[in-house]
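The values are calculated or read from the model by the stated rules, or taken from the named source; none is laboratory data. What you are looking at is a predicted structure, and each value in this text was computed from that prediction instead of being measured. In this analysis, Cβ positions are derived from the backbone assuming ideal geometry, glycine residues included, and neighbour counts consider all displayed protein chains. For the accessible areas, the whole protein counts, side chains as well, though only heavy atoms, and no ligand, DNA or RNA atoms are used. Shrake-Rupley method; radii C 1.70, N 1.55, O 1.52, S 1.80 Å.
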Amino acid sequence: MQAKAKYRKDYRKPDFTVTDIFLDFQLDPKKTIVTAISQYQRLNPEATKLRLDGNSFQFSTLKLNGKDFKQFEQDGESLTLDLSQLNTTDFEVEIVTILNPEKNTSLQGLYQSGDGICTQCEAEGFRQITYMLDRPDVLARYTTKITAEKSKYPYLLSNGNRIASGDLDDGRHWVEWNDPFPKPSYLFALVAGDFDVLTDSFITKSGRKVALELFVDRGNLDRADWAMQSLKRSMKWDEERFGLEYDLDIYMIVAVDFFNMGAMENKGLNIFNSKFVLANPQTATDEDYLAIESVIAHEYFHNWTGNRITCRDWFQLSLKEGLTVFRDQEFTSDLWSRSGKRIEDVRLLRTAQFAEDASPMAHPIRPDKVIEMNNFYTVTVYEKGAEVIRMLHTLLGEQLFQKGMQLYVAENDGKAATCEDFVSAMERASALDLTQFRRWYSQSGTPELTISDNYDEQSAVYSLHVSQTTPPTADQMEKVDLHIPLKIALYDKVGKPLVLKHHDNLVNSVLNVTQSEQTFEFTDIHTKPVPALLGDFSAPVKLHYDYNAAQLSTLLRHAENHFVRWDVAQMLYAAELRRNLTRHQQGKPLEFSADILAELYQILESYQQNVELTTLILTLPKVTEFAELFKTIDPEGITLVRDFMVRTIADNLKQSFLKVYNEIRLDTYRVTAGDIALRGLRNLCVSYLAYTTVGNSVVNKHYTYANNMTDTLAALSAATKAQLPCRDSLLVDFENRWQHDGLVMDKWFMLQATRPDEDVLLKVMQLMDHPSFNFNNPNRVRSLVGSFANQNVKAFHAIDGSGYRFLTDILIRLNESNPQVASRLIEPLIRFSRYDGQRQTLMKRALERLSEVENLSRDLYEKIEKALQ
Ligand code: B3K
Ligand code: ZN
């Protein structure tokens, strides 16, 4: 196995570059012929060897300046031309390669999806099409000519503007595209197929008309409208909030069924997983609607942060991803609910990202060492990357942040930039010293803040003592102090906010924590205050402060910051879970705090004050969220205690849940913030009521009368989780209604995989033969196998090792067919150090079995090696 690591410190400017490339595709699913004619430039006069990346195709011919050229060497991943005899700076290389898209199940490079053909080139997929300087700092102008059978592929698409087209005598036709903006190869795209097209247009702020085209599988036009509206909202928002305008005359989005991730921002031609395009009230939930809007926005925002300004090398990935996630988060916050969005993002960060920090794959948002780049499209690079941008935004404020953005764009437009270029622009725009802040880019791990306080009644001085530390991670033993923005507020006992002062000066609510130990003093405090700490989750850290019950109650009721109120509820749940887990382990009966039940009752009864927040507060953390509270995870214990907590809340608040359920009336389905919040609360009531004596009838009725997928799925999910008698008939009904539609069936597969039943694994294995299941479709694999391994914590970690064996068998198959999907799915297995000795042994055995597989992909190799180290 050849798996060489690349290091960030080894970056060197390219010796050669490509200025223009002409690509000719003679398209056929079994045999596609690609001719690439590239204009090269020697940048380093000393350089005589031109090493091009390429693999997985059949190499046919090579010409230099129009003549056959034989002075080259070849290995499995490159072609090196010996140019010692060439004495010009500029030269032309022509390469012919032959591809088999139908056989390409890796879904990277050129591949078949359904009846169409498409590409995925990020990170290093272009090299599966032809030999190329396949690195993001080589920016070229692309002209692409596609020829294919007209009846099968009436639409032939690529980046930029369509400049010519024609018909051939043999039933084929061709289209030629030109993209005037130089771009790296990873942004190249091609699509061929038969589609229904939704067209629209957008007038930019400077008055240019942009044609918008959305391509979906035939018959799906009734599910395309929301995506188109989302695109128009994104374009408008980016102009208003960031002053950024679209640059081409056409913007195309194609939805395909076979796709490894969410979507891809190829210049002018986004390719999307159909999951993030298709929606109507019958097929998509409220959550789906918002996810679609946010992914459409994310890819659109990449046009500036990613495409116009791209990354110098892949270690800089967070430059475009962290920033673009921040931008899509802001978009959703501005359009919907800021606190709701914040809470959703923090939940993801605390579970997935904190867990990644604690795993063998721990890395900084700007990694230093990579074997397989596709392994670094992570929650750390994306979501923690966005947190780092958010901290900058918090420190600078909106105005200076936007000034920094403008400077960054002005200085780097049309270039391949680094994270440092971004921070430097922010620094110069704000005149803040960001020297220490930069450590967030190089240091991995989750910092911990431990806070204690002191109140001196006599002098009316209140002080907060803050200490910071970052525990060592798998990749990095030594840690340094970070610059952490800590947003706070102080309340008196009745919940009135106090003014933050230090003698005659007002104190900013964002404290700058920069040292390992620091004390912040507040004067004129005439009553012992209750501190609200880490408001809005102002930094991606763990917080330790020893709150007492009365303080928590004050904050839960009165904190102005909605995030804080929700966070206090999380602390209360966490304490209940911990306490009861200990009781469970000691064989004592479980008990739920009556005080907390009383608080929850109060909140539910006054839901009209804030419907969305009520739902969020009353939503119990998932097993995976609770699991992150522990160094060593007890899968059975946590599942059992959580189940007890759900049932206790359900029993005690049953009358209120019923009342609220009946009070909320929603007739026609509308995707508005108000209605989504009300549906959310009503469905939360259903999920609790399912555990009570009225469960079966309420859930059955809810399913029967549902006029939209949000309600249908809520009922089905409640029935499955509470194991209600109606469950099987509802599952069969859903299956009969939707088995023709893989995307909708994903919801069903997910529910099946997370069933609390003892025999769930057997069920999952059987479902792999279900007519709606397809092992080559990543969405299906993720919804069935992925949900089982990641969400069904108890069953996956069954002490007989059956879950581990099952996943290993799947991974061995996926290693052959789709290493990228395999590499995502292996995550729960490499995190063995979080479990007891018996489970660790079983998990390690599974990894060892995998490590012996022949032709182990680089993707899996990198993770297994790190885990077993
Ligand atoms: N840039 C792509 C992700 C590519 C993943 C390659 N394995 C989508 C996005 O972040 O918008
Ligand atoms: Zn992105």
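If I take every Cα pair under 8 Å that is 6 or more residues apart in the stretch 10-108, average their sequence separation and divide by the length, what percent do I get for the relative contact order?
Relative CO of the stretch 10-108 lands at 35 percent.
Tell me the trypsin sites (Lys or Arg not before Pro) within the stretch 468-563 that lie in a loop according to DSSP and have at most 13 other beta-carbon atoms within 10 Å.
Lys493
Report, to one decimal in Å, the Kirkwood hydrodynamic radius for the chain based on all distinct Cα pairs.
Numbers: mean 1/r = 0.0345 Å⁻¹.
Computed over Cα pairs of the chain, the Kirkwood hydrodynamic radius comes out at 29.0 Å.
Indicate the gyration tensor shape class of the stretch 299-416 (rounded, prolate or oblate), computed on the Cα atoms with a ≥ b ≥ c the square roots of the eigenvalues: a/c under 1.5 is rounded; otherwise a/b larger than b/c is prolate and the rest oblate.
Details: a/c = 1.91, a/b = 1.09, b/c = 1.76.
Since a/c reaches 1.5 but b/c is at least a/b, the shape of the stretch 299-416 is classed as oblate.
Quote the relative contact order of the chain in percent (integer), defining contacts as alpha-carbon pairs under 8 Å separated by 6+ residues.
8 percent
Determine, from the Cβ-Cβ distance of Lys588 and Ala549 and an R0 of 22 Å, the FRET efficiency 1/(1 + (r/R0)^6), rounded to the nearest 0.05.
0.55
Between Asn855 and Thr668, what FRET efficiency follows from the Cβ-Cβ distance if R0 is 56 Å, with the result rounded to 0.05?
0.55
Would you tally the net charge around Thr48, using a Cβ to Cβ cut-off of less than 15 Å, leaving Thr48 out, and scoring K and R as +1, D and E as -1?
Residues near Thr48 contribute -1 overall.
Could you tell me what percent of the DSSP beta bridges with both partners in the chain are antiparallel, to the nearest 5?
Bridges in the chain that DSSP calls antiparallel: roughly 80 percent.
With just the Cα atoms defining each centre, how far is the stretch 59-114 from the stretch 412-428? Give it in Å.
33 Å
Keeping every protein chain present and rolling a 1.4 Å probe, give me the accessible area per residue for the stretch 2-120 in Å².
52 Å²
Taking the radius of gyration and the Kirkwood hydrodynamic radius from Cα positions alone, what is the Rg/Rh ratio for the stretch 343-388, to two decimal places?
Rounded to two decimals, Rg over Rh is 0.96.
Work through the residues other than Leu658 whose Cβ is under 13 Å from its Cβ and net out their charges, Lys, Arg +1 and Asp, Glu -1.
Its environment carries a net charge of +1.
Rounded to the nearest 5, what % of DSSP beta bridges with both residues in the stretch 207-284 are antiparallel?
15 percent
Output the relative contact order of the stretch 393-479, whole-number percent, from Cα pairs under 8 angstrom with separation of 6+ residues.
Rounded, it is 22 percent for the stretch 393-479.
Once you have the Cα-Cα distance between Asp492 and Asn774, take 0.36 nm times their residue separation minus that, and quote the gain in nm to one decimal.
Answer, rounded to one decimal: 95.6 nm.
Name the lysines eligible as straight-distance cross-link partners of Lys63: C-alpha to C-alpha under 27 Å, and not fewer than 8 places from it in the same chain.
Lys63 reaches Lys13, Lys30, Lys31, Lys49, Lys145, Lys183.
Helix-derived [θ] at 222 nm for the chain: sum -39500 (n - 2.57) over DSSP H runs of at least 4, divide by residue count, nearest 500?
-12000 deg cm²/dmol
Roughly what % of DSSP beta bridges within the stretch 1-158 run antiparallel, to the nearest 5? If you can, show how the numbers build up before the last one.
Values: 43 of 50 bridges.
About 85 percent, rounded to the nearest 5.
Which value, in Å to one decimal place, does the Kirkwood hydrodynamic radius take for the stretch 153-195 when every pair of different Cα atoms is included?
Kirkwood hydrodynamic radius for the stretch 153-195: 11.5 Å.
Around His465, with a cut-off of 11 angstrom between Cβ atoms, what is the net charge of the other residues, counting Lys and Arg +1 and Asp and Glu -1?
Around His465, the charge tally is -3.
Hey, how many Å between the Cα centroid of the stretch 318-356 and the Cα centroid of the stretch 1-47?
That distance is 35 Å.
For the pair Arg579 and Thr523, what calculated FRET efficiency results from E = 1/(1 + (r/R0)^6), where r is the Cβ-Cβ distance and R0 = 45 Å, to the nearest 0.05?
Working: r = 38 Å, r/R0 = 0.84.
With a Förster radius of 45 Å, E is 0.75.
For the stretch 587-639, just say rounded, prolate or oblate: build the C-alpha gyration tensor, square-root its eigenvalues into a ≥ b ≥ c, call rounded for a/c under 1.5, and beyond that prolate if a/b exceeds b/c, oblate if not. Mind showing how you got there, number by number?
On the way: a/c = 3.93, a/b = 1.71, b/c = 2.30.
Oblate.
Need one word for the stretch 441-546: rounded, prolate or oblate. Basis is the Cα gyration tensor (sqrt eigenvalues a ≥ b ≥ c); a/c below 1.5 gives rounded, then a/b vs b/c decides.
Prolate, since a/c reaches 1.5 and a/b exceeds b/c.
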